[in-house]
Each structure stands twice: as C-alpha cells, then as structure tokens.
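One structure is given below, encoded as structure tokens.
The values are calculated or read from the model by the stated rules, or taken from the named source; none is laboratory data. As the structure is a prediction and not an experimental result, all values here were calculated from the model. So basically every Cβ, Gly included, is an ideal-geometry build from the backbone, and we count neighbours across all protein chains shown.
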Amino acid sequence: MKSILITGCNRGIGLGFVQHLLKSANTATSNIFATCRNPQQAKELTDLAQKHGNLKILQLDVKDFDSYKDVVKQVQDVVGDAGLNLLVNNAGVSSKFTRVNLVKADQMTDNFLVNSVAPLMLTKASLNAITRSLSFDLKEDKVLVVSIHPGWIKTDMGGKQAPLEIDQAVPQIIQLFNTMSQSHNGGFYQYDGKQLPW
C-alpha cells in the first residue's frame, strides 16, 4: 500500500488510521492522503502533517460532489502513473438522537447523503450489492473491492458505551488491508478479518 486516501480524518477512526499508519514500523506507505471538511480546525491532523512529509491533508466535504474532481487531480499530481492503492471511505455522520420520534427529517437526509450517497459517488460503490458487482467489474483492472465493518468503536459517533477502542480496531483493520488477496474480493469483513454474511 504505497498510496492511501482516507476520508474523514479530523477525528475518530479516520484520525486513528492516520496515526497508526504513520507509526507502523513496517509501513511502506509513501503517500497518506487524509481528507477532512475543515483542515484549519483539524489540529491533531495538521500537527501530524508538520512532522510527517508523507502525510498530505486534502480539504473535502463528501457532500460536495463537484469537488471530487479537484481531489482526484491533487492525488494524481502526487502519485502519477503509480495510482492510488487504497481508498478508505471512512467519513460518516450520526444523528445525536437515534429514537425515531426525536430524529428530524433534515438529520435523516444528511445521514443518508454522507453515509450512503457520498461513498457511492466517491467510488461508485456503497451498498453490499454494489460492492459485489464492482468486484466483478474491476477484476480485470486488478482492483479489489471489499466492504469492512469497523466494529462499534468509542468515538464521538460510536459513543462511550461502545466496546472497542480506536487503538484496538484500527491496527486490526490495517492488518486486514495488508493481507487482502483476490479471495477477499467482493466480500464483507469485520475489523478483525472475520467474514460477515451479506
């Protein structure tokens, strides 16, 4: 994995991915592209970028579909013909209230747009059926398409009741990335590598 792009890196799992990739002793990652909506407000991320030359922060609001071409160009300018090796569609939102009688329509729309439509627009893959379909469509291009369930993690979105810490789940997901082969293509896996049913 020489070049990786991760969305939603200002906090939580996305920031955890960046931190673990940067401190991994055996990483051969030349370029880590970390996106977030407001880089100027992502202090931990910008502090890391000042210390690590291979970390590049890109401004991206996944709801702004028109900005995708600009992000793609910025990545292409760095990676050239080598291309991007891994895209981690991590950006997501969660309503503060999850009980049906408390959720507002605009919150539901925002959740659907960020958590389902944006990954579909960014990679043309979002739902399990599309993952399976893309795994066939991109096989000749040697692109693996896999859905990963990160687990219920203690983050702002996951809440304090979640059983997993970022430092427990993220290294296992990175290990899964490093061991993926054609046998994983089109599959659905949880953070520890266990295959999940569709």
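Restricting attention to the range 15-57, and to residues there that are assigned to a strand (DSSP E or B) and of a type in the set (S, T, N, Q), which single residue is surrounded by the fewest Cβ atoms within 10 Å (Cβ to Cβ)? Before the answer, list the steps.
Our first condition is that a residue be assigned to a strand (DSSP E or B); within the range 15-57, this holds for 31-36, 55-57.
Add one more test, that the residue is of a type in the set (S, T, N, Q), and what stays is 31, 35.
Details: Asn31: 19, Thr35: 28.
Taking the candidates together, the pick is Asn31.
Out of Gly151, Gly186, Gly159, I need the residue that is modelled with pLDDT under 95, at positive phi, assigned to a loop (DSSP other than H, G, I, E, B) and out of contact with any helix residue (DSSP H, G or I) (no Cβ under 8 Å at 6 or more places or on another chain). Which one? Break it down into steps so the answer makes sense when it comes.
On the way: Gly151 fails: out of contact with any helix residue (DSSP H, G or I) (no Cβ under 8 Å at 6 or more places or on another chain); Gly186 fails: out of contact with any helix residue (DSSP H, G or I) (no Cβ under 8 Å at 6 or more places or on another chain).
From the options Gly151, Gly186, Gly159, the qualifying one is Gly159.
Out of the range 58-73, which residues are in a loop (DSSP other than H, G, I, E, B), of a type in the set (Asp, Glu) and more than 18 Å from Leu45 (Cα to Cα)?
Asp64
State yes or no: is Ala129 at negative phi, assigned to a helix (DSSP H, G or I) and at pLDDT 70 or above?
Values: at negative phi: yes; assigned to a helix (DSSP H, G or I): yes; at pLDDT 70 or above: no.
Here the answer is no, as Ala129 does not meet what is asked.
Which residue pairs have Cβ atoms under 9 Å apart, sit 6 or more places apart or on different chains, and have a first residue in the range 162-174 that is over 8 Å from Pro150 (Cβ atoms) and a second that is at pLDDT 95 or above and among the acidic types (Asp, Glu)?
What qualifies is Gln172/Asp192.
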